[in-house]
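These notes are about the structure you will find just below.
Coordinate-derived values only; no laboratory data. Computed from a predicted model, the values in this text were never measured in an experiment. Virtual Cβ from ideal backbone geometry, glycine too; neighbours counted across all protein chains shown.
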Amino acid sequence: MILLIETVARRYVCRQHDVDHIGVATQADHDERGRRIIRHHLGPLLDPADPPASGRLHALTITLRRRVVELLALRVDLLAEAPVIRPLAPFLAARLQLPWANGVALLDDQPVVALDLRRLAADVALGLRLAHIEDAL
Amino acid sequence: MQSSPAQPVSTAEYLLFRVATEHYALASAPVREIMRWRAPTPVPGAPPLLPGVINQRGQILAIIDLRLLLGLAAAAPDRATRLIWVHHGDIDAALLVDAVDDLIPVDAAQLEPPPANLTGPAQRVIHALYRHHDQPVAILDLAALFALVQEAT
């Protein structure tokens, strides 16, 4: 099953099994097992031109061994018909700073980037960021 | 004395285009289509050289900005900006250029070796020179161009 994630400026897709829970964003610092929750707006994490969303946000929760990563988005929907996700061109995949994008789907004839949210969450938990975030720090 | 048989003339079509103020050409055989510029979908973490992907009649094409690949300054797209869909081996991509000028036949005998003083990316991807209306045109080697794209910075 494929999830469609909407940020302020972009749309992404991901595989549902990469996400452990989808719900309303919370303010909690730790989960019920005492693991620290690392929370980020997905849009600006991926694209400097995508501002943080506001209002009632959805949280995509990815549980790691010692951390929980919550990625905030405007909207998350389960696609009734799973689109075909095609792999990125090898020359493009080889040049990514971090392997967070692993394919492209066509939705309404528009390319939509497919994310590997489990890899993204693991990298975020380790403190890894794309260059536009590093530059802004 | 016997005269040697005439050598066959090897003529191929080349697509002429501009990147900044410089004139370039590609053999037309790998060129699938020329498209107007449209904003691509960016791929998170891709370098500026690869500004995103587009859908062209069901084929997803990654865009390669030739200005940046050739070490020239970036520029905003305008009405003349074009995307050249090329196919090489199992790779399809769209080359971002400032304008497409013409499609011309070129006799292989008219190709000159590239200048010896080329440096940087130009040295890697320019494999010949051609004079078109007294303008030097750099003939690009598509395989070398893709190899350059794939190398990490």
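Identify the trypsin sites (Lys or Arg not before Pro) of region B:52-122 meeting these criteria: DSSP loop state and at most 16 other C-beta atoms within 10 Å of the C-beta. Could the numbers behind the result be given before it?
Working: sites: B:57, B:67, B:79, B:82; in loops: B:57, B:79.
Those that pass, being in a loop and sparsely packed, are B:57, B:79.
At what distance in nm do the modelled label points of residue B:102 and residue B:147 sit from each other, each positioned 7 Å from its Cα along Cα→Cβ?
Placing both labels 7 Å beyond Cα along the Cβ direction yields 3.1 nm.
What is the distance, in nm, between label points placed 7 Å from the Cα along the Cα-to-Cβ direction at residue B:57 and at residue A:49?
Going by the 7 Å Cα→Cβ label model, 2.7 nm.
Give me the inter-chain shielding for B:33-42: mean count of other chain Cβ atoms within 10 Å, whole number please. Don't skip to the answer; put the middle values down first.
Values: counts 0, 0, 0, 0, 0, 0, 0, 1, 8, 10.
Per residue, the number of nearby Cβ atoms from other chains is 2 on average.
Sticking with the crude label model, points 7 Å out along Cα→Cβ, report the distance from residue A:126 to residue A:106 in nm, one decimal please.
3.5
Would you tell me the mean number of C-beta atoms belonging to other protein chains that fall within 10 Å of each C-beta in B:83-93, as a whole number? Could the numbers behind the result be given before it?
Numbers: counts 0, 0, 0, 0, 0, 0, 0, 2, 3, 1, 3.
Across B:83-93, the average partner-chain Cβ count within 10 Å equals 1.
If each residue of separation counts as 0.36 nm, what is the full-extension length gain between residue A:21 and residue A:35 once their alpha-carbon separation is subtracted? Present the calculation step by step, with values, prior to reporting the outcome.
Values: separation 14, 0.36 × 14 = 5.04 nm, distance 1.52 nm.
My answer for the length gained is 3.5 nm.
Take the Cα gyration tensor of the protein assembly as shown, multiply each eigenvalue by 5, square-root it, and list the three semi-axes largest first, rounded to whole angstrom.
Over the Cα atoms of the protein assembly as shown, the ellipsoid semi-axes are 47, 18, 16 Å.
Once each part is reduced to its C-alpha centroid, what is the distance from region A:82-137 to region A:5-38 in angstrom?
Cα centres, region A:82-137 to region A:5-38: 16 Å.
Given R₀ = 51 Å, what would the calculated FRET efficiency be for residue B:112 paired with residue A:97, taking r from the Cβ atoms and rounding to 0.05? All intermediate terms of the calculation are to be shown ahead of the outcome.
Numbers: r = 40 Å, r/R0 = 0.78.
After rounding, the FRET efficiency stands at 0.80.
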